[in-house]
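Read through the structure below, which is laid out as structure tokens, and then see the notes.
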């Protein structure tokens, strides 16, 4: 089961599904500085209901959700930004605590 969370550094990703008549139905769009991941896979341990497609050249940074949970468990609130780690990218915005 893919339990990854992806940060979109550049590009656009759509999530879609096929209707009963085989038409595609776009359910969401995500673009730069947003996260994308399957709620079903990550939280419910079930296959995703969506198909993910890059609509243009897209760069993402992926992290296993277990790493997100481990990082979150070790910190009640992240207040400062540090150098990026090989497994996670953090965008820092001054003044947004």
- Message: Please go through the range 14-54 and give me each residue that is assigned to a loop (DSSP other than H, G, I, E, B) and surrounded by 12 or more Cβ atoms within 10 Å (Cβ to Cβ), ordered by number.
- Response: 32, 34, 37, 38, 46, 48, 49, 50
- Message: Going by what's in this entry, would residue 48 be described as at pLDDT 85 or above and on the phi > 0 side of the Ramachandran plot?
- Response: no
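The values are calculated or read from the model by the stated rules, or taken from the named source; none is laboratory data. None of these values were measured; they are calculated from a predicted model. Neighbour counts are summed over all protein chains in view; Cβ atoms, including those assigned to glycine, are modelled from backbone coordinates with ideal geometry.
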